[in-house]
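First comes the structure, then the notes that go with it.
The values are calculated or read from the model by the stated rules, or taken from the named source; none is laboratory data. Quick caveat, the model's predicted, so the values are computed rather than measured. Glycine also receives a Cβ, built like all others from the backbone with ideal geometry; neighbour counts cover every protein chain displayed.
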Amino acid sequence: MCKNWLGEGTTAFAEGRDGGRDARFFGTAQTYPSTESLWSGHVVIQAKHTATPNASCSDNDFKRYFQPGDKSELPKVAKLIEEGVLHFYLVFTNRKLPAGADLKILKKVRALPLTDAAIIGLEEINRFLHQTPAVARALPVNEYARPFEFSSEDMVDVIIALKDAIEMDGNAFESAVDFSLVNKKKVKNKVNRMSDEYYQTVIVNQYMPLFDKMRSFLRNERNSEYRDIYHDIADELRQKIVLYRDRFDNFEEIIGYLFDIIKEARPELRGKRRYVTFLLCYMYDDCDIGEREPAV
């Protein structure tokens, strides 16, 4: 990524005792952070890897790198600034980076006399690898790339049609009245590792009241084209989820992952994104994706 963003002059060093890995670049960046405002000077790059699933940059064990203390990087950064070999500080991590978290985490770093500092989290790494598959394929272990790819073009057509056919007004989000299927779903939820909290809060309370409308939409012969597309989408997802199920813990992580793919790839769905989750939850609840029962 650094050779792509900064330049071929990026030099990497051996992995440190803390699992981190440093690199340096001197010159004017090729594209980072933007072509209108390029970094120019000495760039020090650090990679902070964690083996903890679903780790976040907001976790204390990560934030302590940038606060006073035994694990702090602040003295090292200050020394490099004093030596004149650090103008910019760039940290890569395979942790999720909540919006705006980097500003708080790097507050004390930015208080030092450097030009700028930034954190590149898992979302940006995955986005880069998705946009530059040649780089992803070149990795010896492609652990940061997306677990699987999914073409969202067909889903966009269905979602736009659903937006016209099913109105999600305030009444649509009242708690479902008929809970007769919930107990039956517990078997499916256990097999698929769908948490009770997500199923009850999101699927049952939020979207289940609209599932009958979804069934009517698919059964209507006027929507036969969309019905065929729906089944194509479900078939593709079912196969890929089976192949890559071990990349995820709870099933709702798969739903969230697919939502993120579609959100990133299809900006025209702004204002309709809740229909993405609705459609995925319907597929799960209707057993179009996910296992129906324990494997024999």
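Within the group ASN205, ASN192, ASN183, which residue is surrounded by fewer than 18 Cβ atoms within 10 Å (Cβ to Cβ), modelled with pLDDT of 90 or more and either of a type in the set (A, V, I, L, M) or out of contact with any Pro (no Cβ under 9 Å at 6 or more places or on another chain) (or both)? Write out each step before concluding.
Details: ASN192 fails: surrounded by fewer than 18 Cβ atoms within 10 Å (Cβ to Cβ); ASN183 fails: modelled with pLDDT of 90 or more.
Going through ASN205, ASN192, ASN183 in turn, just one is surrounded by fewer than 18 Cβ atoms within 10 Å (Cβ to Cβ), modelled with pLDDT of 90 or more and either of a type in the set (A, V, I, L, M) or out of contact with any Pro (no Cβ under 9 Å at 6 or more places or on another chain) (or both): ASN205.
Can you pull out the residues in region 216-258 that are exposed (fewer than 15 other Cβ atoms within 10 Å of the Cβ), in contact (Cβ under 8 Å) with a residue 24 or more places away in the chain and of a type in the set (D, E, K, R)?
Hits for region 216-258 are ASP232, ARG247, ASP249.
Table: residues versus (1) crowded, with 16+ Cβ neighbours inside 10 Å; (2) modelled with pLDDT of 95 or more; (3) not assigned by TED's automatic domain parsing to the domain that holds LEU6.
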| site | (1), (2), (3) |
| --- | --- |
| VAL44 | yes, yes, no |
| LYS48 | yes, no, no |
| LEU90 | yes, yes, no |
| GLY100 | no, no, no |
| VAL109 | yes, yes, no |
| ALA117 | yes, yes, no |
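Select from region 18-40 the residues that are at positive phi and at pLDDT 95 or above and list them in ascending order.
Selection gives GLY27 alone.
Can you name every residue in region 253-288 that is among the basic types (Lys, Arg) and over 14 Å from ILE233 (Cβ atoms)?
LYS263, ARG270, LYS272, ARG273, ARG274
Among the listed residues GLU225, GLU268, GLU264, which satisfies the condition of being touching a His at 6+ places or on another chain (Cβ under 9 Å) and either not in a helix (DSSP H, G or I) or not hydrophobic (A, V, I, L, M, F, W, C) (or both)? I'd like the intermediate steps shown before the answer.
Working: GLU225 fails: touching a His at 6+ places or on another chain (Cβ under 9 Å); GLU268 fails: touching a His at 6+ places or on another chain (Cβ under 9 Å).
Every option except GLU264 fails the conditions.
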